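> Quick one: this structure, given as structure tokens, is what I'll be asking you about.
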Number of protein chains: 2
Amino acid sequence: MNTAIAHPNIALVKYWGKRDAALNLPAVPSLSLTLSGWHTRTQVQWGAERDELILDDEPRTDPKVFRVLDLLAQHAAIPRPPCRVVSHNDFPTGAGLASSASGFAALVVAGAGAAGLELSRGELSMLARRGSGSACRSLYGGFVQWHLGTAPDGTDSVAEPVAPPEHWDVRMVVAVVSEGPKSTGSTEGMERSRKSSPLWSTWLELGPPLVEQARQAVMARDLEALGTVMERSTYSMYSTMFTATPPLLYWQPATVALLHEVAALRARGVGAWATMDAGPQVKVLCLPGDVQTIQSALAPHALRTLAHGPGPGAYLEP
Amino acid sequence: MNTAIAHPNIALVKYWGKRDAALNLPAVPSLSLTLSGWHTRTQVQWGAERDELILDDEPRTDPKVFRVLDLLAQHAAIPRPPCRVVSHNDFPTGAGLASSASGFAALVVAGAGAAGLELSRGELSMLARRGSGSACRSLYGGFVQWHLGTAPDGTDSVAEPVAPPEHWDVRMVVAVVSEGPKSTGSTEGMERSRKSSPLWSTWLELGPPLVEQARQAVMARDLEALGTVMERSTYSMYSTMFTATPPLLYWQPATVALLHEVAALRARGVGAWATMDAGPQVKVLCLPGDVQTIQSALAPHALRTLAHGPGPGAYLEP
């Protein structure tokens, strides 16, 4: 039991900014949807010649991976031997498609399995967060809230399921514009926004009510309400990026072409709402019956599009 | 003396939002550069068979034009006869290139000349404002500040020269992306931002310090400081557009391509800063020596580019 599967998640109410960079504690609460269509598959060999990471078939250096395994061992009060980690994403890595979320979620589940530890979902979620903040949400399926919390040690800044995948059969159509790595890493981008955007304090105030509105929309299965909140959160986050010095330009020309398509779809009465993350990709929230119409409209501007349903939380491969 | 020339002006610190829609009083102060390269030429015939407007060689209906001539007559306490107005722009009209600013500035100067009135620059500026807010700035050349004011009747919300054209020989390279009319008119866009953007109150707070910083940068001839403030003001304005419900998308794909070019120029050490208005065009502030480099970089993404210097205020053709 040393191989785990985890799915990326897309924030409907955005995580952008840290109140504690070492602990990866967020400056705002967030709410996400775990996606069904893509996954990270990670195998951990607990006891190897040396620490070794193979990501997408290539040797890589990423100290955070082994730091998280250190924390896992510390948490269980066991020594950590050198580990070999082999991980594979069936979607682009580091391109604003949440590969770090699925990656660290799969890592902690596989690591705990490999070490023979029985950890709770909450413990695994908290350990995944130390690798990448948003990874704490990929431990759960469906709709997930990441609480802001107030404790300095982060014990109350936990992810929690809002509703399981079967609660509401929505779709997230992901239009991939670029498969290359993002221009500025998320952590660096967040810091630039925090330090230089004149809208930062407003962004911090907006977070909690947006999450609450989104949670209510999920519970009521109200797509228009959820889509509206999602767009407001998305553009509020972008506002802290654009107004940073120098401005953070994660968009590409095709990003804007896709946003115009989504606006045109809505003008035609199609329920489609857009979100983006730290990257040029556009993700469109909709109902299953509109997927084909939306994919047809987006396809001319994207390398490819994929419609995801609500996916499951991270799990060990039997 | 019934024909006037006026130049468009581009806000370096943006005007977006009205605190009084009837009087065109602004919600924020602004600071602009009057451009040398384009102009509106307007002839007013004071006494005609009927009110008639010919704009760019075509008959048009625009009640605001005759309303402003009414206000001009009222201000001088004379009756207004029917007027024939013939106006021509040598650049695209209604496309986010400030044609309404130069248009109403030329109108009041030509109208006063045609009626034989001797009005002060301040009086003309205030009358032009009633047609289009930003027109009050095109009465003056070079760098111009439009004060926020506090009086309900707008008597202290006046435009005032900060520095004449010869103070500082900057350039504004305008990259035209689209010559069509903007998707949503400015007045409607401002209202949508004001009513629905969660960032509106922050935008109102940011205006006064940004204008003061820009004024100091102009006085010190500090291009980096001015460019940085201009970008911050621009993206803060866009933040109220993007976060409106539904989002205001004035950009086109080429807008983003141009923004990436400006970022790449800056990364290469070229002093180039971008601004945009309610439309897809990109305007780049720089010094004369960098114009050619910048035009070469922007050209592949634009229909055309034109470098403007600081232009004069509106004047009667001798």
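The values are calculated or read from the model by the stated rules, or taken from the named source; none is laboratory data. Computed from a prediction, not measured in an experiment: that's the story for all the values here. Positions of Cβ are backbone-derived with ideal geometry, glycine not excepted, and every protein chain shown enters the neighbour counts. Just the protein is used for accessible areas: all its heavy atoms, side chains included, with ligands, DNA and RNA removed. Shrake-Rupley method; radii C 1.70, N 1.55, O 1.52, S 1.80 Å.
> For the stretch A:49-146, run through the trypsin sites (Lys or Arg not before Pro) and keep only the ones in DSSP coil with at most 16 other Cβ atoms within 10 Å of their Cβ. Intermediate results must be reported in sequence, preceding the final value.
Details: sites: A:Arg50, A:Arg60, A:Lys64, A:Arg67, A:Arg84, A:Arg121, A:Arg129, A:Arg130, A:Arg137; in loops: A:Arg50.
Sites meeting the loop and neighbour criteria: A:Arg50.
> With a 1.4 Å probe and all protein chains left in place, how much of the accessible area of chain B comes from carbon and sulfur atoms, in whole percent? Write down the numbers at each step before the final one.
On the way: 5950 of 11620 Å².
Roughly 51 percent, rounded to a whole number.
> If DNA, RNA and ligands are ignored and the probe is 1.4 Å, what is the ranking of B:Met219, B:Met230, B:Met1 by accessible area, most exposed first? Present the calculation step by step, with values, prior to reporting the outcome.
Working: B:Met219 90, B:Met230 0, B:Met1 135 Å².
My answer, sorted largest first, is B:Met1, B:Met219, B:Met230.
> Shifting gears a bit: Where a ≥ b ≥ c are the square roots of the eigenvalues of the C-alpha gyration tensor, would you call chain B rounded, which needs a/c under 1.5, or, failing that, prolate if a/b is larger than b/c, or oblate?
Working: a/c = 1.60, a/b = 1.46, b/c = 1.10.
Prolate shape, in that a/c is at least 1.5 and a/b is the bigger ratio.
> What whole number of Å gives the distance from the Cα centroid of the stretch B:242-287 to the Cα centroid of the stretch A:232-289?
Centre-to-centre distance over Cα atoms comes out at 17 Å.
> Still on this structure, I have one more. Taking DSSP loops as anything outside H, G, I, E and B, show the longest stretch in chain A free of GluC sites (Glu not before Pro) there with at most 12 other beta carbons within 10 Å. Walk me through the intermediate numbers first.
Numbers: sites that count: A:Glu49, A:Glu118.
Longest run free of exposed loop sites: A:119-318.
> Ballpark to the nearest 100 Å², how much total accessible area do B and A bury together, probe 1.4 Å? Each step should come with its number before you reach the end.
Numbers: alone 12740 and 12750 Å², together 23230 Å².
Protein heavy atoms only, the B-A interface buries about 2300 Å².
> Would you mind classifying the protein assembly as shown by shape? Square roots of the alpha carbon gyration tensor eigenvalues, ordered a ≥ b ≥ c; an a/c under 1.5 is rounded, otherwise it is prolate if a/b is larger than b/c and oblate if not.
On the way: a/c = 2.63, a/b = 2.33, b/c = 1.13.
Prolate, since a/c reaches 1.5 and a/b exceeds b/c.
> Oh, and also: Over the protein assembly as shown, give the accessible area per residue in Å² for a 1.4 Å probe, as an integer. List each step's numbers first, then the result.
Working: 23230 Å² over 636 residues.
So the protein assembly as shown comes to 37 Å² accessible per residue, rounded to a whole number.
> How far is B:Leu306 from the same spot in each other copy, in nm, shortest first, if each label point sits 7 Å from Cα toward Cβ?
Ordered by increasing distance: 4.8 nm.
> Once the dipole of the protein assembly as shown is set up with Lys and Arg at +1 and Asp and Glu at -1 on Cβ about the Cα centre, which of A:Thr150, B:Ser239, A:Leu23 lies farthest towards its positive end?
Farthest towards the positive pole: A:Thr150.
> Right, next: I'd like the orientation of helix A:253-267 relative to chain A: the angle between its Cα long axis and the longest Cα principal axis, in ° from 0 to 90, rounded to 10.
Between helix and principal axis, roughly 60 degrees.
> Report, in debye and to the nearest 20, how large the dipole of the protein assembly as shown comes out about its Cα centre when Lys and Arg carry +1 and Asp and Glu carry -1 on their Cβ. Intermediate results must be reported in sequence, preceding the final value.
Working: 52 positive and 58 negative charges, 47 e Å.
Taking the Cα centre of the protein assembly as shown as origin, the dipole is about 220 debye.
> Can you compute the helix-only [θ] at 222 nm over chain A? Use -39500 (n - 2.57) per DSSP H run of at least 4 residues, normalise by all residues, nearest 500 deg cm²/dmol.
-11500 deg cm²/dmol
> Need one word for the stretch A:232-318: rounded, prolate or oblate. Basis is the Cα gyration tensor (sqrt eigenvalues a ≥ b ≥ c); a/c below 1.5 gives rounded, then a/b vs b/c decides. Write down the numbers at each step before the final one.
Values: a/c = 1.89, a/b = 1.16, b/c = 1.63.
Cα axes put the stretch A:232-318 in the oblate bin.
> Could I ask something else about it? Working from Cα positions, state the angle (0 to 90°, nearest 10) between the long axis of helix A:186-196 and the longest principal axis of chain A.
The angle comes out at about 60 degrees.
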